[in-house]
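Throughout, read-outs are computed from the coordinates displayed, never taken from laboratory work. All values derive from a computational prediction rather than experimental measurement. Neighbour counts are summed over all protein chains in view; Cβ atoms, including those assigned to glycine, are modelled from backbone coordinates with ideal geometry.
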Amino acid sequence: MFVQVAVTTGADQSVIALPASAINYAPYGDSVYIVSDLKDPSGKTFRGVRQQFVKLGGTRGDQVAVISGVNPGDEVVSSGVFKLRNGEPVQVNNTVQPENNPAPKPEDS
């Protein structure tokens, strides 16, 4: 027997990989919180978060591909996103960071 197979693959696509804990999954759309300089009603600048809706791609381990909605260099909240609301002030603390492993090995497996 002889078989000729042609496999077509999609074009390369640039994505940004984020930890799954950074994604706020919701029925109305998935989002992340981006830390940026915001202004209060009096015009004073503060560090706060803004909710950004994103389009997600595939997952690999603890990583989720973000196809659109986040730009390279954006500072994204990686944990505790379910506690945040748009425009809230935040204090960045990077002493504890969530796992971001493409091949996680759970302890109880």
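Of the strands (runs of 3 or more DSSP E) entirely within the range 19-64, those holding at least 1 residues that are closer than 13 Å to Leu84 by Cα occupy 31-39, 45-53.
The residue that is farthest from Gln13 (Cα to Cα), among those in the range 65-94 that are touching a Lys or Arg at 6+ places or on another chain (Cβ under 9 Å) and in a strand (DSSP E or B), is Pro89. In the range 1-30, of all residues being among the polar types (S, T, N, Q) and in contact (Cβ under 8 Å) with a residue 40 or more places away in the chain, the one that is nearest to Pro104 (Cα to Cα) corresponds to Ser21. Within the range 23-62, being more than 23 Å from Pro89 (Cα to Cα) and crowded, with 16+ Cβ neighbours inside 10 Å holds for Leu56, Asp62.
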